[in-house]
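*Asks:* Before I ask anything, let me first share the structure, which is written out below as structure tokens.
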Amino acid sequence: MFMPAFYNPENNMKVLKFGGTSVGSAERMKGVAKLISDGNRKIVVLSAMSGTTNDLEKIAQCLYEKRHEDANRVIDSLEEKYINTVENLYDTDEYREKGRGLVKSHLGYIRSFTIDLFTVFEEKTVLAQGELLTSAMFYYYLLERHVAAALLPALDFMRINTNNEPDTEYIKDNLAGLLKKYSNEEILITQGYICRNAFGEIDNLQRGGSDYTASLIGAAVGAEEIQIWTDIDGMHNNDPRIVEGTRSISELSFDEAAELAYFGAKILHPTSVLPAKLANIPVRLLNTMKPDAPGTLISSKQKKDRITAVAAKDNITAIKIKSGRMLLAYGFLRKVFEIFESYKTPIDMITTSEVGVSVTIDNNEHLKEIVDDLKKYGTVDVDEDQVIVCVVGDLVAEHPGYAHKILEAVKDIPLRMISYGGSNYNVSLLINARDKEAALKALSSKLFN
Ligand code: ASP
């Protein structure tokens, strides 16, 4: 039978991602199982139990440094945590036994790396065990409860190419094969974060990458919706740890969400917006503790004429390059950018004048080399411990008055850089870290109250 290219049998399915704290204990896992058992077919992406990936990173660090006893200590404590979870998760001896077996085999595998040579390859394999173990434990829990579930191994379909970009065709084809194989199962569990690289080796999508997994899967299957379940009721209009009375935003556009995720809103991983945006699949941010709360819906709809939210990104370094020769010169910016490119260091913010350029970076790994290279083109000043405050909304030039309102709110705070016009959705301010709290509070009271 002829099928149009866009035909997709799974396009009324949802993809739900649960982060580490949502599966952080036996109780929480049971809560997730209840939440997802509503009779609808769905893909469920799981992170490792909270704290696991940090512990696995510690183990890897110990093994690199040949501190085998230290590594074993962390492995022991992880084993204890997982065995405890197993004891509280299952009702029957049969499944408790199976659960213990899982823990023993994954932790035993990690322990085997304390004997041999330890390289990046082994590190990636160790890091993958958290998601593999958590998802298998959860899958067994569903089986114990006679839920029609299947485990889709992420390592069989999630792949990145030689540029570390997702291999979308491969993901789509291989996932489609697995979905066909398990066409009768209601709940399809898979692991976030982990993948294979272009050589077929175990790899990952970087820390916090489970959101990215969910978004890539949503795009690959043409899902009806991608849901990211966390512990707060959606994206807030300012940082609730610093500002009192913040509100959850009911609707955001993909562009606003991307700016907020990139500039500090911790609830969503910045990489996860693009696949959903390209496939035009709405993303909903929901709270496992309050499953009926509406949360935040991210879609292609842009609400007009409003300031939506404020976010802040810490640990920023500002670099100013001043050159008399920039005056009327061309090629200066290219040379500056090439230096950052050669050290694979992305630039976040940029402002220019006729005599110089200021940029910010959030990764100081190659700061010294970058500064040395930049000195060829002029004098260089470096300011560490800066913060980017990002104000997001429908800030098109046709709706005047917002820039004034924003600057008015921070009139008493020294501003190091101001950036507007890069997109229609954000105004970014660079300030000293010690002024962050005052800036966020002032913006909230001026813009939202
Ligand atoms: N477990 C991984 C991490 O802690 C991925 C994730 O949770 O999204 O980074």
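*Asks:* What are the residues in region 137-148 that are open to solvent by 10 Å² or more (accessible area, probe 1.4 Å) and of a type outside the set (Phe, Trp, Tyr), if any?
*Replies:* If the condition is that a residue be open to solvent by 10 Å² or more (accessible area, probe 1.4 Å) and of a type outside the set (Phe, Trp, Tyr), then LEU143, GLU144, ARG145, HIS146, VAL147, ALA148 are the ones that fit.
*Asks:* Condition first: hydroxyl-bearing (Ser, Thr, Tyr) and touching a residue at least 12 places away in the same chain (Cβ under 8 Å). Now tell me which residues in region 154-204 satisfy that.
*Replies:* The answer is THR162, THR168, TYR170, TYR182, THR190, TYR193.
*Asks:* Right, another one. Of all residues in region 403-422, how many are within 13 Å of ALA442 (Cα to Cα), in contact (Cβ under 8 Å) with a residue 40 or more places away in the chain and open to solvent by less than 30 Å² (accessible area, probe 1.4 Å)?
*Replies:* Adding up the residues that qualify gives 1.
*Asks:* Within region 116-136, restricting attention to residues that are more than 15 Å from the ligand (Cβ to nearest atom) and β-branched (Val, Ile, Thr), which residue is most open to solvent (accessible area, probe 1.4 Å)?
*Replies:* Looking at the filtered set, the residue picked out is VAL120.
*Asks:* Over 18 Å from the mean Cα position of the chain (by Cα), within 16 Å of the ligand (Cβ to nearest atom) and under 21 Å from ILE226 (Cα atoms): which single residue out of ARG28, ARG41 fits that description?
*Replies:* Checking each option against the conditions leaves just ARG28.
*Asks:* Could you list all residues from region 203-225 that are touching a Leu at 6+ places or on another chain (Cβ under 8 Å) and more than 14 Å from the ligand (Cβ to nearest atom)?
*Replies:* ALA219, ALA220, VAL221
*Asks:* Return yes when ILE232 is open to solvent by 50 Å² or more (accessible area, probe 1.4 Å), within 16 Å of the ligand (Cβ to nearest atom), in contact with a strand residue (DSSP E or B) (Cβ under 9 Å, 6 or more places away or on another chain) and not in a helix (DSSP H, G or I) and no when it is not.
*Replies:* yes
*Asks:* Please enumerate the residues belonging to region 143-198 that are more than 16 Å from the ligand (Cβ to nearest atom) and hydroxyl-bearing (Ser, Thr, Tyr).
*Replies:* THR162, THR168, TYR170, TYR182, SER183 - these are the residues of region 143-198 that are more than 16 Å from the ligand (Cβ to nearest atom) and hydroxyl-bearing (Ser, Thr, Tyr).
*Asks:* So if I check each of ARG96, ARG73, ARG100, which one is more than 17 Å from ALA136 (Cβ to Cβ), open to solvent by 20 Å² or more (accessible area, probe 1.4 Å) and either free of Cβ contacts under 8 Å to residues at least 60 places away in the same chain or within 15 Å of the ligand (Cβ to nearest atom) (or both)?
*Replies:* Exactly one residue qualifies, and that residue is ARG73.
*Asks:* Pairs under 7 Å by beta carbon, first residue part of a loop (DSSP other than H, G, I, E, B) in region 44-66, partner within 9 Å of the ligand (Cβ to nearest atom) and of a type in the set (D, E, K, R), six or more apart or different chains?
*Replies:* Hits for this filter: SER47/GLU131; ALA48/GLU131.
*Asks:* Could you list, in sequence order, the residues of region 47-70 that are open to solvent by 50 Å² or more (accessible area, probe 1.4 Å), more than 13 Å from the ligand (Cβ to nearest atom) and under 19 Å from GLN206 (Cβ atoms)?
*Replies:* Within region 47-70, GLN61, TYR64 meet the criteria.
Here's the yes/no breakdown for (1) among the hydroxyl-bearing types (Ser, Thr, Tyr); (2) not in a helix (DSSP H, G or I):
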| site | (1), (2) |
| --- | --- |
| THR125 | yes, no |
| ALA128 | no, no |
| LEU142 | no, no |
| VAL147 | no, yes |
| LEU151 | no, yes |
| ASN163 | no, yes |
| TYR170 | yes, no |
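*Asks:* List, please: which pairs have Cβ atoms under 7 Å, are six or more places apart or on different chains, and start with a residue in region 205-228 that is more than 17 Å from ASN174 (Cα to Cα) and end with one that is of a type in the set (S, T, N, Q) and more than 10 Å from the ligand (Cβ to nearest atom)?
*Replies:* Correct list of pairs: TYR212/THR271; GLU224/ASN11; GLU224/ASN12; ILE226/SER215.
The values are calculated or read from the model by the stated rules, or taken from the named source; none is laboratory data. Every value quoted in this text rests on a predicted model; they were computed, and no experiment measured them. So basically every Cβ, Gly included, is an ideal-geometry build from the backbone, and we count neighbours across all protein chains shown. These area figures cover heavy atoms from the full protein model, side chains too; ligands, DNA and RNA do not enter into them. Shrake-Rupley method; radii C 1.70, N 1.55, O 1.52, S 1.80 Å.
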